[in-house]
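Colleague: Dropping a structure here in C-alpha cells format, bear with me for questions.
Every number here is computed from the coordinates shown, using simple stated rules; none is lab data. Quick caveat: nothing in here was measured; it's all calculated off a predicted structure. For neighbour counting, all protein chains shown are included, and Cβ atoms are generated from backbone atoms with ideal geometry for every residue, glycine included.
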Amino acid sequence: MNKSYTIAISFIVALGGFLLGFDSAVISGAVGGISEYFSMTDWELGFSVGCVIFGAMAGNISAGPLSDKFGRKNILIVTAILFTVSALWSALATGYTEFIIARIIGGIGIGCAILIAPIYIAEIAPPKLRGSLVSLNQLNIVLGISVAYFSNYFLKDIEGESWRWMLGVEAVPAFIYFLALFIIPKSPRWLIQNLNLIEIAETILTKIGGKAYALATIDEIQRGIAKKEKKGTFSQLFSSRLRNIMIIAFGIAFFQQITGINAIFYYAPTIFEQAGGSTDSSFLQAIVVGLTNLVFTLVAIRLIDRLGRKPLLIIGTATMTVALTMATLAFNNATYDLKTSQIHKVANTEIRLAVKNLEGQSFNSQTELFNSLNSILNESQLTDFKRNEVKKFININATLVLVAILLYVAAFAISLGPVMWTLLSEIFPGNVKGIAISIVGFFNSLVSYTVTQFFPWELTNLGPTLTFAIYAAMGFLSLLFVIKYVIETKGKTLEEVEELLIRNQLK
C-alpha cells in the first residue's frame, strides 16, 4: 500500500476545502472597507457578503452532473480557476455590480469544491484510509477560515484600500492549487464507470495499493455497476416512505444555519467592534474565533465515532443556546455613556454637533439612546450613527461577549458543523443519496444566505440584544428538534439506518 502517495493526492485535492474556508471568512475583514468604498446601505452590504452563497447554490446543483460528464479532476481545475478569477476581480473592482459578480464567481467555486473534493478523495482512497482522508477536506475548510482571519489582521494596516489586499491575496493559494491539480490522476472509478478505461484505472490503482488491490477494486467497481439500483427521482424524496428522513435532513440543515454561525464567521470583527473593541482587538479576537473553530473540529473528528452523532448534537445545541443567551445578556446589560471624549471621535461633523446636546447623559439601552436621538438627527444621520458611531459609547462586559462567541463557535464545531454532513451521508438510501444531498445542501445554503443578508440590517435596526436573542431562541428550538427527531447512527450499517427510519416510523 503506497500510503504516502495516496495521502499526497488527497492533501492536494483537500486544498479546495482550504480555499472554500478562506473565501468564506476573508470578507469579514473587508466589510468596513467595501461598505465605505461602495457607499453601501445595510441591505447592499448584506447582499455583497451573502451573494457568494447564490454562487455556491449554483455550484452545488451543477457540480455533480458536470463532474460525472467531464471528470472530477477537470471540474476541480475549473474550481481553482474560479477562485483565482474571483479573488483578483473582487480586489480590483471599482463598481458595486462588478464586485457582486466577482463574489458570485467565487461562490460557484465554493459550491463545486464542497461537493467534488470529498467525492474525489472517497473514490481514490482505500477503505482503511477513506474516513481520515475525507476528513482532510473538513479540516482544511476550518484551517482556511483561521488563515483568513490571520491574513486580515496582518493586512488591515496597509495604507490605502487594505480591503483589496485582503480579498486579492487568495489568488496566490488558488493559483498554487490550480498548478498542483495537474499532478493528481483522474478518479479510477470515474474512468471505469464513465469511459470504461480499465487499463488506465488499473495503473492508477496499482500505484495506490499494488496489483492485487487494483484488480480487487476494479472487480468491485464492475460488480457495483452491474447491480446498480435504479436512480431515484425528485418526487421520490417527498413520498411517505422517506418522510422521516426528510424531516431530519431539512430540520438539521435549517437549524445548522438559522442559529447564526455564518453571521459570526462573516462579521466577527464587526460584532466585536459592536462590543466596544478597537479595530486591532476586534481582528485579533476574530483570529481566536478561527483557532477555536479549528481545535474543536479536531475534537469532533475524534469523538463522532466514539460518543455518537446524537449526543454530540445534544451537547452542542444546548451549549450554543447557553452561549447565545450569554451574548444576549451582555448586550442587554450594556449602558451607553455620551462622554465628551467619545463625542469628539464622531466622524460626521453634523452628527457630532447634534449629539453634543446629550453630552454627559447615560442610557440603559440602545433603544433608549436611539429614541433620544430621533428628535435631533434626520433619518440618514440616525442610520449612520447606528452603523458607525454607537459602538463608541457602549459600556459593556466585552470579556463576556468574547467568551460567549468562543463557546458558541466551539459548540457548533463539535455538533451541527460536522455532524450534519455525516448524518446526511448516512440516512438516505443509496439510490436517492446524490439528488437528496444536493437538494438539502441547496436549502442549507438558502437559509445561510438569509442569515447573512439580514444580519447587518438586524444589528442596525434591532440592535445586538434582540439579534442574539433570536439566535438563542433558534438554538433552543434546535435542541428540542434533535431530542425529538434525530436518531443515533453510530455503529449501524447503512441498511440498519434505512430500516430504522423507513420501516419503523418515528413517533
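Colleague: From largest to smallest, what semi-axes in whole angstrom does the stretch 247-372 give when each is the square root of 5 times an eigenvalue of its alpha carbon gyration tensor?
Modeller: Over the Cα atoms of the stretch 247-372, the ellipsoid semi-axes are 40, 17, 12 Å.
Colleague: Another question, if that's okay. Just the number, please: Stokes-Einstein D of the chain in µm²/s, Kirkwood Rh from C-alpha pairs, 4 °C, 1.567 mPa s.
Modeller: D = 54 µm²/s.
Colleague: Could I get the Rg over Rh figure for the stretch 39-120? Both from C-alpha atoms, Rh via Kirkwood, rounded to two places.
Modeller: Values: Rg = 13.5 Å, Rh = 12.9 Å.
That ratio is 1.05, to two decimals.
Colleague: Can you give me the angle between helix 72-92 and the longest principal axis of the chain, using Cα atoms only, in degrees from 0 to 90, rounded to the nearest 10?
Modeller: Approximately 20 degrees, to the nearest 10.
Colleague: Would you mind getting the Kirkwood hydrodynamic radius of the stretch 70-173 from its Cα pairs, rounded to one decimal in Å?
Modeller: It is 15.1 Å.
Colleague: What is the pair-distance distribution P(r) of the stretch 335-395, computed from all Cα-Cα distances in 5 Å bins starting at 0, with each bin given as a whole percent?
Modeller: Answer for the stretch 335-395: a P(r) of 4, 21, 37, 30, 9, 0 percent.
Colleague: Sticking with this structure for a sec: Which value, in debye to the nearest 20, describes the size of the charge dipole of the chain about its Cα centre when Lys and Arg Cβ atoms bear +1, Asp and Glu Cβ atoms bear -1, and nothing else is charged?
Modeller: Numbers: 38 positive and 33 negative charges, 373 e Å.
The calculated dipole for the chain is roughly 1800 debye.
Colleague: Could you work out how far helix 171-180 tilts from the main Cα principal axis of the chain, as a 0 to 90 degree angle to the nearest 10?
Modeller: The answer is roughly 10 degrees.
Colleague: Using square roots of five times the C-alpha gyration tensor eigenvalues, list the equivalent-ellipsoid semi-axes of the stretch 1-184 in whole Å, biggest first.
Modeller: Its equivalent ellipsoid spans semi-axes of 31, 17, 13 Å.
Colleague: Pulled fully out, how much extra length does the chain show between L215 and N371, if you take 0.36 nm times their separation in residues and subtract their Cα-Cα distance?
Modeller: Computed gain between L215 and N371 is 48.6 nm.
Colleague: Select from the stretch 155-208 those chymotrypsin sites (Phe, Trp or Tyr not before Pro) which occupy a DSSP coil region and have at most 16 other Cβ atoms within 10 Å, ordered by residue number.
Modeller: Here the sparse-neighbourhood loop sites are F182.
Colleague: Kirkwood Rh and Cα-based Rg: tell me the resulting Rg over Rh for the stretch 138-180, rounded to two decimals.
Modeller: Dividing the radius of gyration by the Kirkwood radius yields 1.03.
Colleague: Restricting to DSSP H runs of at least four residues, report the calculated mean residue ellipticity at 222 nm for the chain, -39500 (n - 2.57) per run over all residues, nearest 500 deg cm²/dmol.
Modeller: Counting only the DSSP helices, I get -26000 deg cm²/dmol.
Colleague: Suppose R0 equals 35 Å; then what is the FRET efficiency for V322 and F182 from their Cβ-Cβ distance, rounded to the nearest 0.05? Mind showing how you got there, number by number?
Modeller: Values: r = 48 Å, r/R0 = 1.38.
That pair, V322 with F182, gives E of 0.10.
Colleague: Further question on the same structure: For the stretch 171-273, state which GluC sites (Glu not before Pro) are in a DSSP loop and have at most 13 other beta carbons lying within 10 Å of their beta carbon.
Modeller: Those satisfying the criteria are E229.
Colleague: Related question: What percent do you get for the relative contact order of the chain when only Cα pairs under 8 Å and 6+ apart count?
Modeller: 23
Colleague: Only four residue types carry charge here, +1 at the Cβ of Lys and Arg and -1 at the Cβ of Asp and Glu. Report the dipole size of the stretch 256-415 about the Cα centre in Debye, rounded to the nearest 20.
Modeller: Charge dipole of the stretch 256-415: 460 debye, to the nearest 20.
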